[in-house]
1. With more than 28 Å from the chain's Cα centre (by Cα) and small (Gly, Ala, Ser) as the only criterion, which of Ala114, Ala130, Ala191, Ala156 stands out?
2. Output the number of the condition that Gly489 fails; it satisfies all remaining conditions of (1) touching a Leu at 6+ places or on another chain (Cβ under 7 Å); (2) surrounded by fewer than 20 Cβ atoms within 10 Å (Cβ to Cβ).
3. Restricting attention to the range 220-259, and to residues there that are basic (Lys, Arg) and out of contact with any strand residue (DSSP E or B) (no Cβ under 8 Å at 6 or more places or on another chain), which single residue is nearest to Ala329 (Cα to Cα)?
4. Restrict the check to the range 119-128 and report whether at least one residue is touching a Leu at 6+ places or on another chain (Cβ under 6 Å) and free of Cβ contacts under 8 Å to residues at least 60 places away in the same chain.
5. Within the group Ala654, Ala619, Ala632, Ala638, which residue is more than 30 Å from Ser543 (Cβ to Cβ), under 30 Å from the mean Cα position of the chain (by Cα) and not assigned by TED's automatic domain parsing to the domain that holds Val465?
6. Taking the residues in the range 72-105 that are farther than 14 Å from Gly56 by Cα and hydrophobic (A, V, I, L, M, F, W, C) as candidates, determine which candidate is surrounded by the fewest Cβ atoms within 10 Å (Cβ to Cβ).
7. For the range 219-229, state whether one or more residues are more than 13 Å from Arg159 (Cβ to Cβ), among the aliphatic types (A, V, I, L, M) and buried (at least 17 other Cβ atoms within 10 Å of the Cβ).
8. Does at least one position in the range 171-183 carry a residue that is touching a residue at least 60 places away in the same chain (Cβ under 8 Å), surrounded by fewer than 18 Cβ atoms within 10 Å (Cβ to Cβ) and within 30 Å of Ala475 (Cα to Cα)?
Amino acid sequence: MSVLKYVTENETQKACPREGRIQRSRTLEGEEYRINVSPLYYDKAMNQDGSSLEKGIKVIKKYTQTLPSSPGVYRMINSRDDVLYIGKAKNLKKRVLSYTQPDRLPIRLQRMVAETMRMEFVTTHTEVEALLLEVNLIKKIMPRYNILMRDSKSFAYIRLEEGHPFPLLTKHRGPRNLPGEYFGPFASAEAVNRTLTALHRAFLLRSCPDHVFASRKRPCLQYQIKRCSAPCVSYISHEDYQKLVQETREFLQGKSTQVQKRLAQSMEEASAHREYEKAAVFRDRIRALTAIQARQMIHTTSLEDADIFAIFASGGKTCIQLFLFRHGANYGAYSSFPAHGEDVPPEEVLEAYVAQFYAEASPPREVLVSQPLPNSKLLEEALSEKAGQRVKLLVPKSGTKAELIKHALQNAKESFERQMAEKASQEDLLRAFMDTFDLPTLPHRIEVYDNSHIQGTFAVGAMIVAGPDGFVKSAYRKFNIRSQDLSPGDDYGMMREVLTRRFSQALAHDKDDTPQWPEVILIDGGKGQLKAAESIFADLGISDIQLIAIAKGPDRNAGRETFYLPDREPIRLPPYNKVLYYLERLRDEAHRFAISAHRKRRIKAISRSKLDEVPGIGARRKRSLLQHFGSAKAVEGAGLKDLENVEGISKNIAKKIYDYFHGAN
């Protein structure tokens, strides 16, 4: 692929030779390709402050003069170098030219054109390649004028390890680049955790990491509660464990009936030989498998591997309901509320959501949607290319599949109504909050701050965010306290560091970018914390954010809190007041997040081995040493000859380790 990039005069003078061509190398989603920058143009309208529809059209028209008629992807960029929109086109020239006809554009896109100060283009060989590239870029950059998956979550899988004599069975999120077989995706953490617990009860495979398995001297609690066969201490032979692995694989591949029949036969044989304890083990395993099947809400023989997407739209907002089926089993349901303009038709929202969903997940053989999509053939071709097999994109009209679509639509409608009811309730709370504290406007972003530490150690500051949609967990942030000159337990100093780092960075961007700029800041603490925040904001020149400090009541009783505001008398709200309850929830969520962040930092520091500090010791050598000696402390006390006997440790490395722990130079 190649790129046509239009740059400013300054960029041209710095980077480009006189003939106006330069090659650059970039990496996109792990694929490296060459970018040919040609030709180069400079337009004064690109660098002028402010924006207008006329200026935006003028900028775009300049590009259409030299754009090819080939497929590709285009990016619209504003004066701050923020990507506004990413789109694909079968014909780049025609598609971009359409933005120069404002009377045919909705208000949302007219606003986007007005903000456009430059554009970038990537030409591709086919429209399918353009679609795949567009989706990857949208997932990575998240432009605000595109239809976006709000959650952008990574769905969970069950992973059966490979390459180990006693493979583990565990949950997996993220890139599937570890050796093993992956089963999923599951629509929720609850679904995969519930299934995994039942699988451990049914097949007794280990769940501990390899380094824990290698260092066990006696069976752990998982064996005691009958969720593991304790291969770590040889309570089961390699051959018998491999049989359990095979049974697990068959069950997850949809062969549950055959597995259950074999277990039932084994139970009867054990009972016939009066081996009642053994028979009871088989009975419990059968019950565990039955529990998995009972929790799969929908049973159907017409689907093997399929995903179902149904969309419900009302008032310019949408809800998409997703059902996942693998090997004929229901792997859970999930509701999503994508971000988009109110004028975007539901079929376009659904198409964009499906495309973005499979930017990470592997498409199944069938994808069922509740209504026809504008570019269904193109999307079908793109999904087939990604999956490496034929993928059918279907809109069922009758039969079992149509019933499943109907069921998904009903779920989407119910989820939508619940979301709208919760949002209305949240807005009522915010209005009451606004009236209680005399705020000038309804707050759309409230930031809450808290600290957590143990006598000053492993100190962490935490920020949570709330708004009309409730808690915005994707915006949460933690701050590892860096200051070395703070006295232990200096909460005021910690709060000063956190607020300074947060708002110094925010001021480096445009503070009018309202999604990132709060109207209200709530601080867990009393007058001292409020004064610390006031001094920081005075130094930074920030005066348009309402500061509120919440102090616990006498004897730290909930319901008797006092609220401190700058230049005002403290406020006490009556018990059972809904605003008081709301602010307590915000404070408690910040406290929970701060404690969680502190605990993770402390555990990470405690669990860090001294071997991590030895030069030349990577993960493989560290594993060999721990497997040989059992602990880092034993490695520290080992002799030189003992270290040389470890597999993978040369004499040179052994001497480095020995010298490190024994102080030799």
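The values are calculated or read from the model by the stated rules, or taken from the named source; none is laboratory data. The shown structure was predicted, so the numbers you read here are calculated from the model rather than taken from an experiment. Neighbour counts are summed over all protein chains in view; Cβ atoms, including those assigned to glycine, are modelled from backbone coordinates with ideal geometry.
1. The conditions single out Ala114.
2. Of the numbered conditions (1) touching a Leu at 6+ places or on another chain (Cβ under 7 Å); (2) surrounded by fewer than 20 Cβ atoms within 10 Å (Cβ to Cβ), the odd one out for Gly489 is (1).
3. Checking each candidate, the answer is Lys255.
4. Checked against the condition, which is being touching a Leu at 6+ places or on another chain (Cβ under 6 Å) and free of Cβ contacts under 8 Å to residues at least 60 places away in the same chain, the range 119-128 yields no hits at all.
5. Ala619
6. Only one residue fits best here, namely Val83.
7. Looking for residues that are more than 13 Å from Arg159 (Cβ to Cβ), among the aliphatic types (A, V, I, L, M) and buried (at least 17 other Cβ atoms within 10 Å of the Cβ), one finds none in the range 219-229, hence no.
8. No, the range 171-183 has no match at all.
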